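Let me begin by presenting the structure, written as structure tokens, before commenting on it.
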Amino acid sequence: MTKFIALLRAINVGGHRVKMDYLHSLFEELEFINVETFITSGNVVFNSTSENTKELEKKIENYLEKKLGFQVATFLRTTKEIQTISQYNPFPDFELTESMALNIAFLSNPLEEQAKIELMKFRTDIDDFHTKDCEVYWLCHKKQSESTFSNALFESKLKIKATFRGINTIRKLAAKYPDC
């Protein structure tokens, strides 16, 4: 049985309020095992006998849209993948120390070369980016409110869905759910 972490887009942001106990019950209705929610930004941990990530993502997206009335893009990672992501260091240590935020965009597929080129056009003195596998690392050297980059801009310009999490959230997930 595989332990997954579902990183859900559009939960408790932009007017879409969902109580965590209700979200928990929806995942149980999908017959997942050992369901837990983690903070209120749409992180659900569960076990599944299926290892087909794409199939599970679609199953969750379809069910949540039916029950909630809006689309909820779903990005699944195993606890092992979350461990790897939490430990990955895409920028020099001195940059990480001096910066205000490191965020990670979770994608369904790795960026294609043209999308990577488009992403790098967003680089500024404030923002830097790095891609690896199905994640985009966004280093913001100042307050994010000073940046012209956002997840909405990312999605509209690259024509893909993503959900962003801060590195601290990912590290907390990794600490709470070590790969066993």
>> Could you list Lys54, Lys59 so that the one with the fewest beta carbons within 10 Å of its beta carbon is first and the one with the most is last?
In response: Lys54, Lys59
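Which value in Å does the Kirkwood hydrodynamic radius of region 84-176 take, with 1/r averaged over all unlike C-alpha pairs and then inverted?
13.5 Å is the Kirkwood radius here.
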>> Please list, short to long, the whole-number percent of alpha-carbon pairs of the chain in consecutive 5 angstrom bins beginning at zero.
In response: 1, 8, 17, 21, 20, 16, 10, 5, 2, 0
> Can you give me the relative contact order of the chain as a percent, contacts being Cα pairs under 8 Å and 6 or more apart?
Replying inline: 23 percent
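Please arrange Ser99, Ser25, Ser156 by counting, for each residue, the other beta carbons lying within 10 Å of its beta carbon, fewest first.
Ascending number of Cβ neighbours within 10 Å: Ser156, Ser25, Ser99.
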>> Using Cα-Cα distances under 8 Å and only pairs 6 or more residues apart, what relative contact order does region 1-51 have, in percent?
In response: 51 percent
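With charges set only on the Cβ (+1 for Lys and Arg, -1 for Asp and Glu), what does the dipole of region 44-180 come to about its Cα centre, in debye to the nearest 20?
In debye, rounded to 20, region 44-180 gives about 500.
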>> Given the -39500 (n - 2.57) contribution per DSSP H run of 4+ residues, what per-residue ellipticity at 222 nm results for the chain, rounded to the nearest 500 deg cm²/dmol?
In response: -11000 deg cm²/dmol
> Here are some pairs, Lys80/Lys176; Lys3/Lys176; Lys143/Lys172; which of them have Cα atoms lying more than 20 Å apart in this structure?
Replying inline: Lys143/Lys172
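All of the numbers you see were taken from the coordinates with simple rules; none came from a lab. Just so it is clear, the model here is predicted, and its values are computed rather than measured. Please note: Cβ atoms are built from the backbone with ideal geometry, for glycine as well, and neighbour counts cover all protein chains shown.
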